[in-house]
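Read-outs throughout are calculated quantities, based only on the coordinates presented, and are distinct from any laboratory measurement. Treat the numbers as computed from the prediction; the structure is a model and nothing was measured. Backbone-built Cβ (ideal geometry, glycine too); neighbour counts: all protein chains shown.
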Amino acid sequence: MTNRKITNLYDVEFTPFDNYGVVVPGMSWHKISYNKENGGNGTYLLKMEPNAKSLPHMHTGFEEFLMLDGELTDPDGKIFKKGDFISFEPGSKHSSHTINGCLVLVFMRGINQPL
């Protein structure tokens with residue numbers, strides 16, 4: 001018997017993104033395997049509405065994500081586009097914003113610390 005879960009990334013229900021204890025305006029998520037209680041490991045789908053901005057944070061473990069749709073911009077001006085796979089190493093700090101909105105598949109290993 002296989003314990004299997006199939007998630008259609010384009011047919012899920014999103015809830016307000018509240019990973020830091022407060023809801024971040026314009027951001028919502030669908031937890032696939034992410035669980036804060038197990039140390040912040042797992043995967044989730046993140047949707048950012050136009051003009052949304054993530055809170056500044058530091059990665060305690062690797063954070064990696066695949067851009068499924070739209071664009072996301074880091075403070076240094078680097079633009080992540082559909083098809084890009086981005087890896088942030090532990091200890092790295094950033095925040096991101098989107099002009100037109102985006103959909104991102106996030107792979108977390110560790111809970112981010114707000115700055």
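Placing unit charges on the Cβ atoms only, positive for Lys and Arg and negative for Asp and Glu, gives the chain a dipole magnitude near 180 debye about its Cα centre. Relative to the current alpha-carbon distance between HIS97 and ASN8, full extension at 0.36 nm per residue lengthens the span by 29.5 nm. Can you give the FRET efficiency to the nearest 0.05 for ASP84 and THR43, using r as the Cβ-Cβ distance and R₀ = 22 Å? Given R0 = 22 Å and the Cβ-Cβ separation, E is 0.85. Take each peptide in 74-82, 39-47, count the other Cβ atoms within 10 Å of every residue, and average; sorted highest first, the result is 39-47, 74-82. Inter-label distance, THR73 to LYS36: 3.0 nm, where each label sits 7 Å from its Cα along the C-beta direction.
Averaged over residues, the count of other Cβ atoms within 10 Å places the peptides 16-24, 107-115 in the sequence 107-115, 16-24, highest first. Convex hull volume per residue, computed on the Cα atoms of segment 15-114, equals 82 Å³. If you average the sequence gap of Cα pairs under 8 Å that are 6 or more apart and divide by the length of the chain, what percent do you get for the contact order? Contact order relative to length: 30 percent.
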